[in-house]
Every structure is written in C-alpha cells, then in structure tokens.
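This report concerns only the one structure given below.
The values are calculated or read from the model by the stated rules, or taken from the named source; none is laboratory data. Keep in mind it's a predicted model, so treat the numbers as computed, not measured. Methodologically, a virtual Cβ is constructed for each residue, glycine included, from the backbone with ideal geometry; neighbour enumeration extends over all protein chains shown. Ligands, DNA and RNA are excluded from the accessible area calculation, which covers all protein heavy atoms including side chains. Shrake-Rupley method; radii C 1.70, N 1.55, O 1.52, S 1.80 Å.
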Protein chains: 4
Amino acid sequence: MTKHDVAGLQQRLVEFAARRDWEQYHTPKNLVAALSVEASELVEIFQWLTPEESARIMSDPKDAFRVRDEVADVLSYLLRLCTVLDIDPLDALAAKIERNETRFPAP
Amino acid sequence: MTKHDVAGLQQRLVEFAARRDWEQYHTPKNLVAALSVEASELVEIFQWLTPEESARIMSDPKDAFRVRDEVADVLSYLLRLCTVLDIDPLDALAAKIERNETRFPAP
Amino acid sequence: MTKHDVAGLQQRLVEFAARRDWEQYHTPKNLVAALSVEASELVEIFQWLTPEESARIMSDPKDAFRVRDEVADVLSYLLRLCTVLDIDPLDALAAKIERNETRFPAP
Amino acid sequence: MTKHDVAGLQQRLVEFAARRDWEQYHTPKNLVAALSVEASELVEIFQWLTPEESARIMSDPKDAFRVRDEVADVLSYLLRLCTVLDIDPLDALAAKIERNETRFPAP
C-alpha cells in the first residue's frame, strides 16, 4: 500500500500547471503528444537491450532512477489528460479489464 | 473518489496475465514497446484535430469511449511494467513532482 | 536499383494531398504526430516477438505485406514533412552520417 | 535534385554499422523501436507549439537544425530496417500510393 492516492496527485498536478500558467498548453492534443514522447523515452532506455538484459535493468541504480523518472513522466501526462477530459483512470481500467475477460477468455 | 485502487488493479492484471500464460511475453522491453504503441493509439485519435476540436473530443460518445479505452490500455501496460520492475508508480510520481518543484520554481 | 526516385514520389504525394484538399491538415505538427503513429504501427507488429522471431518476419507473406505497408506509411509522412518544411531528406541524412563519423569514430 | 541516392546512403549505413560491430543490435525489432524513438524526438520539438508556430519552425536556425537532424535519424533507421529486411522503400511507397488512390478516390 502507498500513502499517495491518484486523486491527490492529480490535484497536485493541477496546482503545478496553474501556478506556472501552463494550462494553456495542456490541450488534449498536446497532452497525448507529450505522453507518447515520454513513453518513447522509456523505450529508448531498453531499445538495444536483449530481453534478458531488460529484465535486470533495476540492478543498476542509475538505470533504475531513469526508469522510475520516465514512469513518473508517463503517469503525470496520463493523469493530466484524465483531469482535462474528466476521465476516471481507475474506473476506465477496471472497465477495460472486464471487457478483456470476455474478449480473451481464460482457458 | 473511486472505489478502485491501484494496488487492486495491479493484482487483477497479474492474475489476468498468469491465467493466459502471458507472463513470458511481459519482459520490461516488450511492455515499454506495448505502452508506447498504446500511447500512439491515443495520438491517432487526435492527430488531425485542431486544438479546439481536441478540447471537445468527449462530447461525441464514440470518441469518448475510444479515448477512455486507450487511456485504460496505456495505464494497463504502465502498471504491468511497475509490477514487473517493482516500482511504486504513485511514489515515483510524487518524487518527480517534488523534483519538478525545484527544477521549475513557481513565479 | 529502383525506377522510383524520392523527388518524384514527393511530387505524387503533393498531388495526392492537393486533390483531396488535405493540405490544410498537413501542418508540421500534425505530420510529425502521424509519422510517430505509423512508426508505432511498425512496432506493434514486433512487440511480442523474440529477437529471433523478428528476424524471420518476412518469411510470412501476410506479415511481410504488413511491414512493407507500414514502412511505406512512415516514409510517406516523412516525405510530406520534408516537402512542407523544404528539407532535402537525403542531404540531411548524408550530413548526419558525416557528423556521426566524427561522433562515433570507427576503431 | 540531389546528388545523393537512397541506395548509396543505405550502403554507407551498412558500412557505418559494420565498422562499429553494431549489426548485432540491428534486429528488426530493435530497429523499429529506435525508429519510433526518433519519430518521438521530432514530436517533442513540436509538442507545445500551436499549428501556426509549427509552420514557422524553420525560421529559427537552431530549431531548423534540430528538425533536420531528427529527420535524418528517422530516415537512417528506416533505411537500416529496409536493408535488414530486404525491402525497397521507394517501391513500397509507390505501391502504397497506388493502393491509396483506390482507397481514397479523388473527387
């Protein structure tokens, strides 16, 4: 269990953007572009690694920091997008898992 | 407030993958690739829209469904990655917000 | 050697867009988004494959068609971008190879 | 017209990789990942710009250099992929334009 929750972090991101007058840049179109750029920065860490090397990435402290940092960036833009579009990300995921249970029946 | 929590959804995704014997595919390298592909599916929805059209995306029920569906896919692979690499996504984001407060001081 | 050349294909893409009145959508910002979406559609083909399976992709005619089709889409948006921004793609690449010869000296 | 041609640049990229013993990393799976990362580096340049600002990107020499540099990186990995998979990129594009003429008839 974590002491942070999604709604609280979304609120901090709202205040972070508002204080810097960045809300004008945070159109849905721009936020999805930024999200995809951050996702690619995660890919960049792994792009030349073998599957086995990729599984050991967290054993190097510098790589581990970088991965955590990029995971945070992806989550940050995903939550900003959800705030701007009034989407509940956890409800959306729960609904998708249910659709996937039907789409890919377990053996 | 939502009735779902991140740890619970991560657990459901663990079970979903395990029952289908998909864990073999879920190397960190493959998961970040899948994450970036899903992020691009979000971009695809917005790619030809003006900023103003992008802000109205949720007013069309079909588009709204598609956006929610792709948000769920991005979150799904992000949480799978966090499980596989033993990263707490909310802690990672809280730490990043703190670093950003220093990096981009509010006026 | 091929009978097609880059300048001729760029001209065909100009005419293709003009006849459909699509030039209004082809801002540099939209074209780079579309380019990244097509690049991700290539990634999607390979995302769950092992390195070895990825090396054999062209042995299946359906996969081979899909790869060629996505390669064409990536090249198509890259050339449209170059036309719109008045960049010579082959000159840009030759210049980059020269910079890389200095940056990564051969042993 | 340009003094460079695609086949010649592909050959230079083959030699560049071979001299550095980088061919081992250039699996199709890794090359498409690298291609998508470079496409995202192009997106990053444009992500917060308005459509109008994006259309003026080449008027700033530093931005113009960066765009040309990333265009070259995208083309570089696209041509490496084509070499490794024995795809003729210009033939693939010409075939795709013909399919698109049928798929999207001009008015």
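Structure data summary
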read-out: Hits in region D:75-107 (condition: of a type in the set (A, V, I, L, M) and over 20 Å from C:GLY8 (Cα atoms)); value: D:LEU81, D:VAL84, D:LEU85
read-out: Members of region B:27-41 that are touching a residue at least 24 places away in the same chain (Cβ under 8 Å), closer than 28 Å to D:GLU52 by Cα and at the interface with another protein chain (Cβ under 7 Å from one of its Cβ atoms); value: B:ALA39
read-out: Residue satisfying condition, being more than 7 Å from every other protein chain (Cβ to nearest Cβ), without any contact (Cβ under 8 Å) to a residue 40 or more places away in the chain and open to solvent by 10 Å² or more (accessible area, probe 1.4 Å), within set B:GLU70, B:GLU44; value: B:GLU70
read-out: Residue count, region A:6-26 (criterion: touching a helix residue (DSSP H, G or I) at 6+ places or on another chain (Cβ under 7 Å), open to solvent by 50 Å² or more (accessible area, probe 1.4 Å), more than 7 Å from chain B (Cβ to nearest Cβ) and under 16 Å from B:GLU98 (Cβ atoms)); value: 0
read-out: Filter result for D:LEU79 (modelled with pLDDT of 95 or more, within 14 Å of chain A (Cβ to nearest Cβ) and open to solvent by less than 30 Å² (accessible area, probe 1.4 Å)); value: no
read-out: Residues (farther than 24 Å from B:THR50 by Cα and of a type in the set (Lys, Arg)) located in region D:44-77; value: D:LYS62, D:ARG66, D:ARG68
read-out: Condition broken by C:PHE65, with the remaining ones in (1) open to solvent by 10 Å² or more (accessible area, probe 1.4 Å); (2) touching a helix residue (DSSP H, G or I) at 6+ places or on another chain (Cβ under 8 Å); (3) under 23 Å from D:ALA34 (Cα atoms) satisfied; value: (2)
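Residues checked against (1) crowded, with 22+ Cβ neighbours inside 10 Å; (2) at the interface with chain B (Cβ under 7 Å from one of its Cβ atoms); (3) basic (Lys, Arg):
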residue	(1), (2), (3)
A:ARG56	no, no, yes
A:LEU85	no, yes, no
A:ALA94	no, yes, no
A:GLU101	no, no, no
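Here's the yes/no breakdown for (1) under 21 Å from A:GLU41 (Cα atoms); (2) β-branched (Val, Ile, Thr); (3) in contact with a Phe, Trp or Tyr (Cβ under 7 Å, 6 or more places away or on another chain):
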| position | (1), (2), (3) |
| --- | --- |
| C:GLU15 | no, no, no |
| C:GLU44 | yes, no, no |
| C:TRP48 | yes, no, yes |
| C:MET58 | no, no, no |
| C:LYS62 | no, no, no |
| C:VAL67 | no, yes, no |
| C:GLU70 | no, no, no |
| C:LEU79 | no, no, no |
